[in-house]
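To start, the structure itself, in structure tokens.
The values are calculated or read from the model by the stated rules, or taken from the named source; none is laboratory data. Remember, predicted model here, so these are calculated numbers, not experimental data. Note that we place each Cβ from the backbone using ideal geometry, even for glycine, and neighbour counts take in every protein chain shown.
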Amino acid sequence: MKSFLLSLLISASSLLSAQALAAIDITAERQLELLHLLKQDCGSCHGLTLKGGLGPALLPENLQGKPAMFLAQTILNGRPGTAMPPWRGLINAEEANWLAQVLLHGDPR
């Protein structure tokens, strides 16, 4: 049953795409700031091209099968016991969801 629910969650998450990004109400200016944060701040551990470094690769092919909600919660809350810090103080849940979609589907521009 758990694997069925996980499969269902993963399938639902993979249906989200550019439409999901467009549905999230974040200004174009803030999107640029978030993309800068992704490249510079996340890139400092995950590699400037997000191909991995201290942290794992964050390219869509490496994140395949990971639900967007899992990624957004990881962004917001970090990963205890690892070098992954929480970003909750700098971004909100909506922005974390937007970043999760970018990571899963690539830059929307």
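Looking at the range 89-107, is at least one residue farther than 15 Å from Ile26 by Cβ, without any contact (Cβ under 8 Å) to a residue 60 or more places away in the chain and over 13 Å from the mean Cα position of the chain (by Cα)? Yes, there is a match, as at least one residue in the range 89-107 is farther than 15 Å from Ile26 by Cβ, without any contact (Cβ under 8 Å) to a residue 60 or more places away in the chain and over 13 Å from the mean Cα position of the chain (by Cα). Taken together, the residues in the range 71-88 that are β-branched (Val, Ile, Thr) and either part of a loop (DSSP other than H, G, I, E, B) or more than 11 Å from the chain's Cα centre (by Cα) (or both) amount to 1.
Every residue, every condition in (1) in contact with a strand residue (DSSP E or B) (Cβ under 9 Å, 6 or more places away or on another chain); (2) modelled with pLDDT under 95; (3) more than 14 Å from Asn97 (Cβ to Cβ); (4) assigned to a helix (DSSP H, G or I), yes or no:
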position	(1), (2), (3), (4)
Leu6	no, yes, yes, yes
Ala20	no, yes, no, yes
Ile26	no, yes, no, no
Arg30	no, no, no, yes
Leu37	no, no, yes, yes
Asp41	no, no, yes, yes
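Can you tell me which of (1) modelled with pLDDT of 90 or more; (2) small (Gly, Ala, Ser); (3) surrounded by fewer than 13 Cβ atoms within 10 Å (Cβ to Cβ) is the one Gly55 doesn't meet? The one condition Gly55 does not meet is (3).
Considering the range 42-72 alone, what residues qualify as being over 18 Å from His105 (Cβ atoms) and in contact (Cβ under 8 Å) with a residue 12 or more places away in the chain? Hits for the range 42-72 are Cys45, Leu54, Gly55.
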